[in-house]
Amino acid sequence: MSVRKLSILVPVFNEARTVAELIARVRKVELPVERELIVVDDASTDGTPDILEKLQGPDMTVLRHPENRGKGAALHTALARASGEAVIVQDADLEYDPRDYARLLEPMLDGRADVVYGSRFLGGPHRVLFFWHYAANVGFTLLTDILYNVNLTDMGVCYKLFRTDVLRSFPLREKGFGFEPEVTAKVCKRHLRIYEVPISYSGRTFAEGKKISWRDGFVYLWGLLRYRLAD
């Protein structure tokens, strides 16, 4: 299947400080294919909806949940509206750089890949931050590799690029951060062609608005174990 359009799925919750800059960066980046942005506001309360309303245009669809349902639920909503042959997940917090899209697309455009993961650990520039976040991600990635017999280096990365038909073929269930281990498990269990490419990473602190916490580690662990046994 040829890729003519990339659908960029942007789940947003209380990102008034960063979402306008993120949209500007996505619109500015040069791509070898068409693009569309599908932004799902997950019941933000900080002025994000007003910002998104002003940013709407023919290249961007804005959807809104009446109540907070979680990142996975926002991605389900966005995926249902995607018209591109490929989709990528883009957080709104400026930790990831849309200039990496072209690099991520390359293995798919030349027919090698069904799924492409970015990796923060393959040599790209990254902000130096928390050791224990790094250690947790290494641990979950190692568990993924053991359970699913793969050699990923960064299972928790945001930048996951999929053929749209592949992602829609999964019975996706998780509504929150459990989307990450669930989708990785289902990709690996189906023996799809997975590629990794190095990406940059500008992590932020909790004071700067980072939302994932140690509690989400239990979600990751349960998801990896659960979806190894069930679908």
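Laboratory data are not the source of any read-out in this text; all were calculated from the coordinates shown. For clarity, every value in this text was computed on a predicted model and none was experimentally measured. We place every Cβ from the backbone using ideal geometry, glycine too, and count neighbours over all the protein chains shown.
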> At a Förster radius of 22 Å, what calculated FRET efficiency corresponds to the Cβ-Cβ distance of residue 192 and residue 99, to the nearest 0.05?
Replying inline: 0.30
> Tell me, what is the FRET efficiency for residue 109 and residue 29 to the nearest 0.05, using R0 = 22 angstrom and their Cβ-Cβ distance as r?
Replying inline: 0.90
> Percent relative contact order of the stretch 5-229, based on C-alpha pairs within less than 8 angstrom and at least six residues apart?
Replying inline: 24 percent
> With each pseudo-label sitting 7 Å past Cα toward Cβ, what's the residue 45-residue 175 distance in nm, one decimal?
Replying inline: 1.7 nm
>> How would 54, 186, 5 line up from fewest to most surrounding beta-carbon atoms within 10 angstrom?
In response: 54, 5, 186
> What FRET efficiency, computed as 1/(1 + (r/R0)^6) with R0 = 25 Å and r the Cβ-Cβ distance, is obtained for residue 133 and residue 4, rounded to the nearest 0.05?
Replying inline: 0.10
> Taking amide H positions as placed 1.01 Å from N in the peptide plane, with prolines and chain starts having none, which residues 5 or more places from residue 192, or on another chain, fall under 5 Å of its amide H?
Replying inline: none
>> At 7 Å along Cα-to-Cβ for each site, give me the label-to-label distance between residue 200 and residue 231 in nm.
In response: 4.0 nm
>> Under a crude label model (7 Å from the Cα following the beta-carbon direction), how far is residue 168 from residue 21 in nanometres?
In response: 3.5 nm
> So who's got an amide H within less than 5 Å of the one on residue 84, skipping anything under 5 residues away but keeping other chains? H placed 1.01 Å off N, in plane.
Replying inline: 7
> When you count, for each residue, the other Cβ atoms within 10 Å and take the mean per peptide, how do 9-21, 67-79 rank with the highest first?
Replying inline: 9-21, 67-79
> How much length, in nm to one decimal, is gained on full extension between residue 149 and residue 68, taken as 0.36 nm per residue of separation minus their Cα-Cα distance?
Replying inline: 25.6 nm
>> Could you give the length gained by full extension between residue 122 and residue 81, i.e. 0.36 nm per residue of separation minus their alpha carbon distance, to one decimal place?
In response: 11.5 nm
